[in-house]
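Notes follow once the structure below has been shown.
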Amino acid sequence: MSDKEPMLVRETFRSHGRGIHELSAALSTQDSKIGISTRRDSAVCFECEFRSADSISIGLCSYDGAFQSLREADCGHFLIILPIRGQARFESQGKSHESFPGRASVLQGREGDLGSVKDERQHFSLLLSRDHLARRLSRMRDKPTSTRLDFEPIFDIDTGPGSLLLSLVRTAYMALYSDNTSHRSPIYVRSLTDALADFVLESIPHRYSAELGSSVASISPRHIKRAIEFMRANLARSISIHEIADSCNVSMRSLQKGFQDFHMTTPMGFLQHLRFEAVHNDLQKSQTGDTVASLAAKWGFTHVGRFSADYKRRFGQSPSTTLRQLHTHVP
């Protein structure tokens, strides 16, 4: 959805507003404008923050209101959209698809790319220089590589490599904001950007995946998908591994093996991950009077001190900081 140019040094860009012209300015660059339109000039509230370093930029964007976007010039980057909540639809190079939590999108960043956001929406945008990806891939293949990679336009981020990419993007986004001295090191920044680029090349299917022998994103077995659906429907109550296994008609052993193979964790570890995500989302859209303790308790975390320590390890900041800084509602 955006194309802020990654810099050779860390850079942060924040913008929020209510109109289509402000949103167009926030998502455009000098070389690649993005036009915004709405039906009947309806209001669109937005809040976006982009954090850039070297050849990579990560944006966290929140929208309240339906709108359409049209890219008017090539931006030189692939855009990977990682939804957190809400619906959208994208069209890139003649291929269109729906975007929703659990499914990531890869856009070409070329003239004519279209986007349509439906009401309330939040997503991460990972922008990767085509030239940088081609250089990294050339090193992997030990031969020159074209910037035409033909990534698959959608991939799963609920399980497998896709879920790890979402976690890596979230961690990198927090790290690029950190005041930690080591995070300002050019060596650290280069390592971070190269790790993200390499992981994308190894985990998202593209025209060279077979040659690389990469572990591309796998389709989860049906029973794993059913188990995740059951977890999501019962996040606010205490459930056991027996109930999860019964919900998808498999043995506990099969359930454990499936989650280990496709998500590299246990079923209860994945359930814990979903609950942390739920608290994180609630903290971002908190209302006056909400507290860390009340929102944590809502999702089954009763020991605030332990919860806060685990939350910081996952998201790179304390829950109280998220409560103060990462509101998705635009005032």
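Is one or more of the residues making up region 286-306 within 22 Å of Ser163 (Cα to Cα) and not in a loop (DSSP other than H, G, I, E, B)?
no
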Original post:
Taking the condition over 29 Å from Arg207 (Cα atoms), aliphatic (A, V, I, L, M) and touching a strand residue (DSSP E or B) at 6+ places or on another chain (Cβ under 6 Å), does Ala66 pass?
Top reply: yes
Subject >> Filtered residues of region 140-161 (kept if touching a residue at least 60 places away in the same chain (Cβ under 8 Å), of a type in the set (D, E, K, R) and over 18 Å from Arg89 (Cα atoms)) >> reply: Arg141, Asp158
Original post:
In the set Thr147, Thr159, which member is in contact with a Lys or Arg (Cβ under 9 Å, 6 or more places away or on another chain), surrounded by 16 or more Cβ atoms within 10 Å (Cβ to Cβ) and at pLDDT below 90?
Top reply: Thr159
**OP:** Sort out which residues of region 266-285 are open to solvent by 40 Å² or more (accessible area, probe 1.4 Å) and part of a helix (DSSP H, G or I), and write them in order of number.
**Re:** Met268, Gln272, His273
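Looking for whichever is open to solvent by 70 Å² or more (accessible area, probe 1.4 Å), farther than 22 Å from Phe124 by Cβ and touching a residue at least 12 places away in the same chain (Cβ under 8 Å) here; the options are Arg232, Arg314, Arg306, Arg226. Which one fits?
Arg226
Considering Leu164, Leu168, Leu137, which residue is within 14 Å of Leu196 (Cβ to Cβ), open to solvent by 40 Å² or more (accessible area, probe 1.4 Å) and either part of a loop (DSSP other than H, G, I, E, B) or touching a residue at least 40 places away in the same chain (Cβ under 8 Å) (or both)?
From the options Leu164, Leu168, Leu137, the qualifying one is Leu164.
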**OP:** Output the residue which, of all residues in region 238-265 that are part of a loop (DSSP other than H, G, I, E, B) and in contact (Cβ under 8 Å) with a residue 40 or more places away in the chain, is surrounded by the fewest Cβ atoms within 10 Å (Cβ to Cβ).
**Re:** Ser238
Subject >> Tyr173 vs. criteria at pLDDT below 90, part of a loop (DSSP other than H, G, I, E, B), touching a strand residue (DSSP E or B) at 6+ places or on another chain (Cβ under 7 Å) and surrounded by 14 or more Cβ atoms within 10 Å (Cβ to Cβ) >> reply: no
**OP:** For region 236-275, name all the residues that are within 18 Å of Phe301 (Cβ to Cβ) and of a type in the set (A, V, I, L, M).
**Re:** Ala236, Ile239, Met268, Leu271, Leu274
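The values are calculated or read from the model by the stated rules, or taken from the named source; none is laboratory data. In this text the structure is predicted, and so the values were computed from the model without any measurement. Virtual Cβ from ideal backbone geometry, glycine too; neighbours counted across all protein chains shown. Ligands, DNA and RNA are excluded from the accessible area calculation, which covers all protein heavy atoms including side chains. Shrake-Rupley method; radii C 1.70, N 1.55, O 1.52, S 1.80 Å.
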